[in-house]
Amino acid sequence: MAVREIVLMGDPVLREEAVEVTDFDRALKTLVRDLYQSMYHAEGVGLAAPQIGISKRVVVIDLRKDDEPDVRLALINPRVVWHSDEKDKSAEGCLSIPGLEEVVQRPSDVHVEGMDPDGQPVRVEAQDLFARALQHEIDHLDGILFVDRVSGLKRRMLMKKWKKLRAEAES
Ligand code: NI
């Protein structure tokens with residue numbers, strides 16, 4: 001069990017299509033534990049395996065400190081099987097893009113199917129923050145970041161700010 005370094009926007013692994021998990025073995029359980037540890041260490045509410053440099057379809061979410069006392073789960077090969085037409089807007093950030101935040105519009109409700117770390121099928125019906133977290137993390141498995149989900153103008157502003165933040169961090 002280990003806290004892993006979280007990779008930042010600009011690393012190509014974040015832009016890859018992550019690979020489906022087929023072996024529900026000890027290595028997968030270690031990966032899930034590492035994801036939880038790394039997420040807690042970074043004080044995030046969700047983390048996807050590509051964010052620790054592992055291009056596999058695995059995500060963890062823990063919303064217990066954000067007024068969702070029952071939501072703590074690891075999902076393997078998750079996919080959105082239904083989403084509402086109704087959308088809502090809320091600010092999002094990402095552990096791979098520290099310092100940036102922007103309002104993102106997404107469907108307010110989703111149904112997600114996947115598996116738990118033992119390979120048992122799981123179906124989740126989620127709303128609001130939980131639905132948003134699931135969509136954000138599943139996007140990571142398809143190489144999509146929240147900055148891709150805003151208007152071109154906002155995206156250009158975010159990328160400009162990101163360059164500035166990285167230049168400051170490296171100087
Ligand atoms: Ni993220």
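The values are calculated or read from the model by the stated rules, or taken from the named source; none is laboratory data. The shown structure was predicted, so the numbers you read here are calculated from the model rather than taken from an experiment. Neighbour counts are summed over all protein chains in view; Cβ atoms, including those assigned to glycine, are modelled from backbone coordinates with ideal geometry.
Counting the residues of the range 128-140 that are closer than 19 Å to residue 21 by Cβ and either within 11 Å of the ligand (Cβ to nearest atom) or without any contact (Cβ under 8 Å) to a residue 60 or more places away in the chain (or both) gives 4.
A single member of 113, 125 is over 22 Å from residue 22 (Cβ atoms) and free of Cβ contacts under 8 Å to residues at least 40 places away in the same chain, and it is 125.
Taking every residue in the range 48-67 that is closer than 24 Å to residue 127 by Cβ and pairing it with any residue that is hydroxyl-bearing (Ser, Thr, Tyr), at least 6 positions away or on another chain, the pairs with Cβ-Cβ distances below 6 Å are 60/36. Residues of the range 18-47 that are in contact with a Lys or Arg (Cβ under 9 Å, 6 or more places away or on another chain) and touching a residue at least 40 places away in the same chain (Cβ under 8 Å): 18, 20, 21, 28, 45. Residues in the range 107-135 that are surrounded by 15 or more Cβ atoms within 10 Å (Cβ to Cβ), closer than 14 Å to residue 71 by Cα and charged (D, E, K, R): 1 in all.
Residues in the range 64-81 that are modelled with pLDDT under 95 and surrounded by 15 or more Cβ atoms within 10 Å (Cβ to Cβ): 68, 71.
Taken residue by residue, the range 143-162 has no member that is more than 16 Å from the ligand (Cβ to nearest atom) and more than 23 Å from residue 9 (Cα to Cα).
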